[in-house]
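The values are calculated or read from the model by the stated rules, or taken from the named source; none is laboratory data. Everything numeric here is computed off the predicted structure, so don't read it as measured data. Positions of Cβ are backbone-derived with ideal geometry, glycine not excepted, and every protein chain shown enters the neighbour counts. The area values use the complete protein model at the heavy-atom level, side chains included, leaving out ligands, DNA and RNA. Shrake-Rupley method; radii C 1.70, N 1.55, O 1.52, S 1.80 Å.
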Amino acid sequence: DAICGFIRDQNIEQIGVKQRAQKGQFAGGPITFKMEGLIQLNPHATTQLFSGPTIAAATRRHDFQVPDQLNRYQADAYLTACCAAVALNII
């Protein structure tokens with residue numbers, strides 16, 4: 001209810017999610033799997049998944065630069081948002 005309420009209250013129409021890594025430093029666990037499912041099932045916005053290679057290609061193609069003030073764990077979310085913006089022809 002909290003996720004759906006936030007999406008509805010903020011008038012979010014599109015959500016971009018980086019696909020969970022199967023292994024490695026930022027591999028997704030069972031909780032992130034559930035969170036991803038809740039986000040995808042919300043009735044207020046459409047969700048699009050982006051793979052790591054897709055995000056990397058968009059970053060190279062459009063020269064996205066992660067702002068210095070972001071923490072390392074926020075960089076992937078930022079680049080995913082940039083990739084989603086390109087996919088939706090927002091930028």
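In deg cm²/dmol and to the nearest 500, what is the mean residue ellipticity at 222 nm of the chain if only DSSP H runs of at least 4 residues count, each as -39500 (n - 2.57), divided by the residue total? Write out the running numbers ahead of the final one.
Details: 4 runs with 47 residues, N = 91.
It comes out at -16000 deg cm²/dmol, rounded to the nearest 500.
Around residue 44, with a cut-off of 9 angstrom between Cβ atoms, what is the net charge of the other residues, counting Lys and Arg +1 and Asp and Glu -1? Please report the intermediate quantities before stating the final value.
Working: positive: 8; negative: 13.
Net charge in that neighbourhood comes out at 0.
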So, counting K/R as plus one and D/E as minus one, what does the shell of residues with Cβ under 13 Å around residue 66 add up to? -2
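Carbon and sulfur atoms: what percent of the 1.4 Å accessible area of the chain do they account for?
Numbers: 3690 of 6730 Å².
Answer for the chain is 55 percent, counting heavy atoms of protein chains only.
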Over its alpha-carbon atoms, the stretch 11-57 yields an Rg and a Dmax in Å of 11.7, 34
For the chain, the helices passing both cut-offs (Cα extent along own axis of 20 Å or more, Kyte-Doolittle mean at least 0.0, full DSSP H runs) are 72-87
Working with all protein chains in place, sort 9, 76, 68 by solvent-accessible area computed with a 1.4 Å probe, largest first. 68, 9, 76
FRET efficiency, 1/(1 + (r/R0)^6) with R0 25 Å, evaluated for residue 11 and residue 56 via beta carbons: 0.25
